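J.: What follows is a single structure, and I will ask about it in a moment.
The values are calculated or read from the model by the stated rules, or taken from the named source; none is laboratory data. These numbers were taken from a predicted model, which means no experiment stands behind them. Please note: Cβ atoms are built from the backbone with ideal geometry, for glycine as well, and neighbour counts cover all protein chains shown.
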Amino acid sequence: MKAHPKVVRTDCELECPRLDAALCARGADLVLLPDGVDPARLTNEIRDADLLLMCYTPITAQAICAARKLKGIVKYGVGIDAIDMEAARAWRVPVVNIPEYAEQTVAEGAFAILLALAKKLMPIEHAVHDQGWAWPTSRWLGYDLAGSTLGLVGVGRIGRSMARMAGAGFRMRVLGYDPNVSAASMQGAGVGKHADLREMLSRCDFVSVHCVLNDATRHLIGATELACMKSTASFINVARGAIVDESALLHALREKQIAGAGLDVYSQEPLTKSGHPLSELYTMENVILMPHLTFYTVEAMRRLEDETLERCDELLAGKRVLVKSRDPRLRAQQHGVIFPD
């Protein structure tokens with residue numbers, strides 16, 4: 001590692017004190033940039049940077065082109081849809097993410113949302129808080145999970161963790177839609193594979209999204225798919241907002257085409273109470289809103305910071321960076337990377 005490499009970390013609202021301290025202890029000149037940083041400022045800061053760490057901030061072709069000293073881009077998280085991967089490959093800038101740090105954590109968060117929707121925990125708590133008590137009227141009738149059906153859109157690591165909790169833990173029937181996962185693999189995880197997304201949706205009492213965002217999955221669930229769901233079903237998304245046509249979801253909730261929704265992700269973040277395309281969600285008692293925090297636990301953040309530092313050390317030392325993800329966009333890289341298999 002050369003003396004005083006410059007490291008830029010965007011999205012500094014996501015506190016990573018151990019990571020930041022370790023980078024500084026290694027002699028790095030660390031620059032922290034906020035969420036929503038002006039693209040021109042970002043481009044200027046990474047122009048002479050050795051390393052870029054990002055989480056949500058878009059990394060454009062223009063920014064990558066300007067960063068002539070950049071040894072690599074580390075996504076301290078999973079999804080890489082905010083990075084112009086074509087430009088990174090063209091300029092031979094390795095990109096790596098941290099794919100395994102919160103698989104169980106995010107699944108736990110999604111299942112907590114599912115439980116809260118089934119038992120109407122949020123509106124009941126609000127009623128008790130506001131009125132002091134809630135009598136057992138039909139407004140508060142919840143649903144048993146045992147014997148109900150959960151549909152997974154995406155049956156990767158997080159989806160399989162969700163399936164384990166639902167099936168073995170709560171005796172739910174679990175179905176899955178994922179063109180990239182075989183029926184045999186799903187069966188081994190206790191999931192029944194469905195090749196037809198709409199047909200699967202029609203059978204489910206709960207639907208939980210766990211696929212990556214790419215060109216094939218953008219707006220994978222739109223008005224037609226939502227119309228296939230039962231009017232008593234609930235929808236959960238902890239993956240990426242743009243996997244869903246959010247205007248169609250808002251309409252489905254408004255018209256009571258589905259019973260409820262639990263959301264941790266949105267195409268436009270942060271969500272706000274006014275001036276946002278989804279601001280109306282705040283007025284709906286059958287909707288649980290999370291601020292993209294299902295990953296955020298003590299244990300997951302420790303894993304995230306530790307592995308991010310490992311990838312930074314590799315890049316700053318001029319070594320090939322270890323890419324653990326099986327995302328084909330990352331696997332297509334040929335410069336400065338190494339794969340575990």
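J.: Identify, from the list Leu30, Leu42, the residue that is assigned to a strand (DSSP E or B), over 30 Å from Gln104 (Cα atoms) and assigned by TED's automatic domain parsing to the domain that holds Cys16.
T.: On the way: Leu42 fails: assigned to a strand (DSSP E or B).
Testing whether each residue is assigned to a strand (DSSP E or B), over 30 Å from Gln104 (Cα atoms) and assigned by TED's automatic domain parsing to the domain that holds Cys16 leaves just Leu30.
J.: While we're looking at this one, here's another question. If a residue counts only when it is touching a Ser or Thr at 6+ places or on another chain (Cβ under 7 Å) and farther than 30 Å from Tyr282 by Cβ, which helices (runs of 4 or more DSSP H) contained entirely in the stretch 152-255 have at least 1 such residues? First the steps, then the outcome.
T.: Working: elements: 157-164, 183-188, 197-203, 223-228, 246-254.
Filter on the stretch 152-255 gives 197-203.
J.: What are the pairs, 6+ residues apart or on separate chains, where a residue within the stretch 144-170 that is at positive phi has its Cβ under 9 Å from a residue that is assigned to a helix (DSSP H, G or I)?
T.: Gly154/Ile243
J.: Within the stretch 11-33, work out how many residues are out of contact with any helix residue (DSSP H, G or I) (no Cβ under 6 Å at 6 or more places or on another chain) and crowded, with 17+ Cβ neighbours inside 10 Å. Quick ask: steps written out before the conclusion?
T.: We begin by selecting, within the stretch 11-33, every residue out of contact with any helix residue (DSSP H, G or I) (no Cβ under 6 Å at 6 or more places or on another chain); these are 11-15, 17, 20-21, 23-29, 32-33.
Still in the list and also crowded, with 17+ Cβ neighbours inside 10 Å: 11-12, 14, 20, 23, 28, 33.
Matching residues across the stretch 11-33 total 7.
J.: Hey, Asp81 hits all of (1) under 16 Å from the mean Cα position of the chain (by Cα); (2) buried (at least 22 other Cβ atoms within 10 Å of the Cβ); (3) outside any helix (DSSP H, G or I) but one; which does it fall short on?
T.: (2)
J.: Among the residues in the stretch 292-302, are any touching an Asp or Glu at 6+ places or on another chain (Cβ under 7 Å), over 30 Å from Trp140 (Cα atoms) and either outside any loop (DSSP other than H, G, I, E, B) or at pLDDT 95 or above (or both)?
T.: no
J.: Yes or no: Ser202 on the phi < 0 side of the Ramachandran plot, in contact with a Phe, Trp or Tyr (Cβ under 9 Å, 6 or more places away or on another chain), among the hydroxyl-bearing types (Ser, Thr, Tyr) and in contact (Cβ under 8 Å) with a residue 12 or more places away in the chain? Can you show your working first?
T.: Working: on the phi < 0 side of the Ramachandran plot: yes; in contact with a Phe, Trp or Tyr (Cβ under 9 Å, 6 or more places away or on another chain): no; among the hydroxyl-bearing types (Ser, Thr, Tyr): yes; in contact (Cβ under 8 Å) with a residue 12 or more places away in the chain: yes.
Answer is no for this residue.
J.: Where the second residue is basic (Lys, Arg) and the first is assigned to a helix (DSSP H, G or I) and lies in the stretch 57-74, which pairs have Cβ atoms under 8 Å and are six or more apart or on separate chains?
T.: Listed pairs, sorted by first residue: Ala66/Arg47.
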